[in-house]
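Here the structure comes first, spelled out in structure tokens, and everything after it is commentary.
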Amino acid sequence: MGEQVRSMVILISGTGSNMQAIARACVEQGWSARVAAVISNRAEAAGLRLAAEMGIATEVVEPRPGAGREAYDQELARRIDRHAPDAVVLAGFMRVLGEAFVGRYQGRLINVHPSLLPAFPGLHTHRRALEAGVKWHGATVHLVSAQVDAGPIVDQAVVAVQDDDTEASLAARVLQQEHRIYAPAVRALLEGRLRLQGRRVRTLATARDAA
């Protein structure tokens, strides 16, 4: 029997650049995995077109007028569960997910955030970093918990803040680092190589790395 092929569902809201980086790595690096679907909360998200061009199934789950977060989360979970994924990957998904949703996918739900958590959780991270005068900024991959941007940290990448940086220039360099660290973290999750010890995440090496 061959190696089990694991699957992931990727959630996006915008351009889908992290989604694209993960999907490409999956194919080019020969993961025993596939992207089962890309789901967006916005029908106009550019990443949906990119996913379709890569041959990945796409879906849209938009909030219904007057419906609350719980109703949205339930419908989103229903769509995700149709694909029975081993991992649910947040890649620029701009909605806060409720505690019940997070609990449903505990240990399978992963996110990348554009700051060095626990600094600057939430929105407008690059602006806040510049306003705070920090010398170092970056990106964090973390397992998702019920508290926003507070789950156990899987990996981080550091970017030096330049004197002439703008929000746009800093964001561009941080995004490059997101692309670099997110795909390996997703792969480790899919392959069962993440070990949680208290609040610390240990990433086990692959057989190839250990050789």
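Just a yes or no: is a residue in the stretch 136-158 β-branched (V, I, T), closer than 30 Å to V5 by Cα and out of contact with any strand residue (DSSP E or B) (no Cβ under 6 Å at 6 or more places or on another chain)? Break it down into steps so the answer makes sense when it comes.
Going residue by residue through the stretch 136-158, those that are β-branched (V, I, T) are 140-141, 144, 148, 153-154, 158.
If we keep only those that are closer than 30 Å to V5 by Cα too, we end up with 140-141, 144, 153-154.
Still in the list and also out of contact with any strand residue (DSSP E or B) (no Cβ under 6 Å at 6 or more places or on another chain): none.
Looking for residues that are β-branched (V, I, T), closer than 30 Å to V5 by Cα and out of contact with any strand residue (DSSP E or B) (no Cβ under 6 Å at 6 or more places or on another chain), one finds none in the stretch 136-158, hence no.
Cβ-Cβ contacts under 8 Å between residues 6 or more apart (or on different chains), taken from a first residue in the stretch 74-97 that is closer than 11 Å to I10 by Cβ to a second residue that is of a type in the set (A, V, I, L, M, F, W, C) and part of a loop (DSSP other than H, G, I, E, B), are listed as L90/V144. Within the stretch 156-184, residues that are closer than 29 Å to V27 by Cβ sit with their Cβ atoms under 9 Å from residues that are in a helix (DSSP H, G or I) and basic (K, R), at 6+ positions apart or across chains, in these pairs: A157/R180; V159/R173; A183/R24. Within the stretch 123-132, the set of residues being touching a helix residue (DSSP H, G or I) at 6+ places or on another chain (Cβ under 7 Å) and either part of a loop (DSSP other than H, G, I, E, B) or closer than 16 Å to Q147 by Cα (or both) is empty. Of the strands (runs of 3 or more DSSP E) lying entirely inside the stretch 1-86, none contains at least 3 residues that are of a type in the set (G, A, S), surrounded by fewer than 16 Cβ atoms within 10 Å (Cβ to Cβ) and more than 18 Å from the chain's Cα centre (by Cα). The set of residues from the stretch 192-202 being in contact (Cβ under 8 Å) with a residue 24 or more places away in the chain and either surrounded by fewer than 18 Cβ atoms within 10 Å (Cβ to Cβ) or more than 21 Å from A21 (Cβ to Cβ) (or both) comprises L196, R199, R200. Of all residues in the stretch 133-154, those that are closer than 19 Å to A168 by Cβ and not in a loop (DSSP other than H, G, I, E, B) total 4. The lone criterion from (1) over 23 Å from F93 (Cβ atoms); (2) modelled with pLDDT of 95 or more; (3) of a type in the set (S, T, Y) left unmet by T206 is number (2).
Quick one: which of F120, F101, F93 is aromatic (F, W, Y) and not in a loop (DSSP other than H, G, I, E, B)?
Just one listed residue meets the conditions, F101.
For first residues located in the stretch 21-32 and closer than 15 Å to I181 by Cβ, partners that are of a type outside the set (A, V, I, L, M) and lie 6+ apart or on another chain with Cβ distances below 7 Å form the pairs A21/H179; A21/Y182; I22/Y182.
The values are calculated or read from the model by the stated rules, or taken from the named source; none is laboratory data. Predicted, not measured: the structure shown is a model, and the values here were computed from it. When we count neighbours, we look across all protein chains shown, and the Cβ atoms used for this are built from the backbone with ideal geometry, even at glycine.
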